[in-house]
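Written below as structure tokens is the structure these notes are about.
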Amino acid sequence: MTQAEQILEAAVDWLTKLREQDVGEADWRAFDAWLDGHPANKAAYDAAVMLYAEVDHLAPRLRDALDEGGVVVPFPNRAARTAPGRSRTRRWLPAAGSAMAAAAAVAAAVVIAPWNVATPYQTYATGKGEHKTITLADGSRIDLNAASHISVRMEKSARRVVMDDAQAIFDVAKDEKRPFLITVGDETVRVVGTQFDVRHRDGRVAVTVSRGLVEVSPKSGGAGSAVRLRPGQQLEHVEGGEDAAVSEVSPDEVFGWRSGRLIYRDRPLSEVAADLNRYFAKPVRLDGAQTANLRFSGVLMVDGQDATVRRLTELLPVSATFSGGAVVLHSR
């Protein structure tokens with residue numbers, strides 16, 4: 001077997017492995033290492049995706065032919081994988097606890113204010129397809145995803161971030177005397193030192209923890225109680241709602257955007273299209289609700305719009321046309 005054949009075989013094995021239900025964090029790390037391990041690996045993975053799509057397209061006819069000979073061979077299908085179970089968390093904060101928290105906040109402000117002269121908020125933003133790494137004065141690092149906007153202020157008593165429409169990975173330097181506070185939608189994320197991803201898009205908040213502990217609670221005055229997240233947990237919340245869903249996830253999947261890989265598990269195509277519109281100048285549009293509601297699980301490498309759209313059409317029953325300066329996806 002030639003080296004090229006070995007690489008293609010490995011790519012097919014990876015495509016199969018990453019579609020399995022029990023794929024874990026170690027698998028994603030190994031896949032990333034393999035993808036970057038040889039210049040031909042990326043092209044081989046693309047070829048494997050196309051091969052999978054071709055086999056899937058021919059599967060009914062092959063099944064019929066094999067059935068005639070008394071043999072049935074299972075083929076992979078496009079059915080969406082069942083997402084890991086999520087626990088629903090009711091988040092009610094007792095009135096007494098709220099009053100005590102408010103009193104403590106007022107007391108702290110009175111004591112600290114004379115010595116706490118805060119610097120102004122500094123704004124950071126990225127355009128379509130742009131990533132930016134920000135290193136703060138305390139050594140904390142923020143990796144900002146495409147089409148994102150945040151504001152940062154360093155105070156004597158706290159380090160504060162306000163996230164607008166944005167996604168970022170935070171690697172926070174430990175400082176027990178100055179918590180790191182992120183205002184995102186109607187939630188506040190509080191940490192001392194840890195690594196985590198915060199996504200605030202289209203009125204939805206998601207917080208995913210890779211290292212350390214993260215506390216997520218409603219902004220001051222909001223209803224609900226704090227939820228503490230451990231490594232490998234994700235909290236999802238819709239702004240204005242009273243509940244949050246906490247689930248077990250692979251942080252490497254969520255962090256994949258940092259290396260140009262968008263990884264999805266049973267997500268609607270409308271979400272995928274919205275993400276692509278943050279990367280490319282030519283808008284991606286969906287032809288109707290049926291197309292928008294298609295579910296997608298897989299890996300999209302974001303290295304050019306034409307290539308990314310082609311991969312998507314090979315992994316989903318959709319076709320792409322170009323109309324009015326936009327890419328339009330249609331259900332097949």
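The values are calculated or read from the model by the stated rules, or taken from the named source; none is laboratory data. Just so we're clear, the structure is a prediction, and the values are computed from it rather than from any experiment. Neighbour counts run over all protein chains shown; Cβ positions are idealised from the backbone, glycine included.
Below are the figures for this structure:
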{"item": "Residue count, the stretch 170-194 (criterion: part of a strand (DSSP E or B), more than 14 Å from Val216 (Cα to Cα) and either at pLDDT below 95 or of a type in the set (A, V, I, L, M, F, W, C) (or both))", "result": "1"}
{"item": "Every residue from the stretch 286-330 that is more than 21 Å from Arg261 (Cα to Cα), of a type in the set (S, T, N, Q) and surrounded by fewer than 20 Cβ atoms within 10 Å (Cβ to Cβ)", "result": "Gln290, Asn293, Ser319, Thr321, Ser323"}
{"item": "Members of the stretch 109-139 that are over 31 Å from the mean Cα position of the chain (by Cα) and either at pLDDT 50 or above or surrounded by 12 or more Cβ atoms within 10 Å (Cβ to Cβ) (or both)", "result": "Ile112, Asn116, Ala118, Thr119"}
{"item": "Check on Ala274, assigned by TED's automatic domain parsing to the domain that holds Thr16 and either at pLDDT 95 or above or not β-branched (Val, Ile, Thr) (or both)", "result": "yes"}
{"item": "Filtered residue count, the stretch 188-233, keeping only those that are under 18 Å from the mean Cα position of the chain (by Cα) and not hydroxyl-bearing (Ser, Thr, Tyr)", "result": "23"}
{"item": "Hits in the stretch 140-177 (condition: out of contact with any helix residue (DSSP H, G or I) (no Cβ under 7 Å at 6 or more places or on another chain), surrounded by fewer than 17 Cβ atoms within 10 Å (Cβ to Cβ) and touching a residue at least 40 places away in the same chain (Cβ under 8 Å))", "result": "Val162"}
{"item": "Count of the stretch 201-253 residues which are acidic (Asp, Glu) and farther than 30 Å from Ala30 by Cβ", "result": "5"}
{"item": "Complete set of residues in the stretch 1-22 that are within 24 Å of the chain's Cα centre (by Cα) and either touching a residue at least 24 places away in the same chain (Cβ under 8 Å) or on the phi > 0 side of the Ramachandran plot (or both)", "result": "Ala11, Trp14, Leu15, Thr16, Leu18, Arg19, Gln21"}
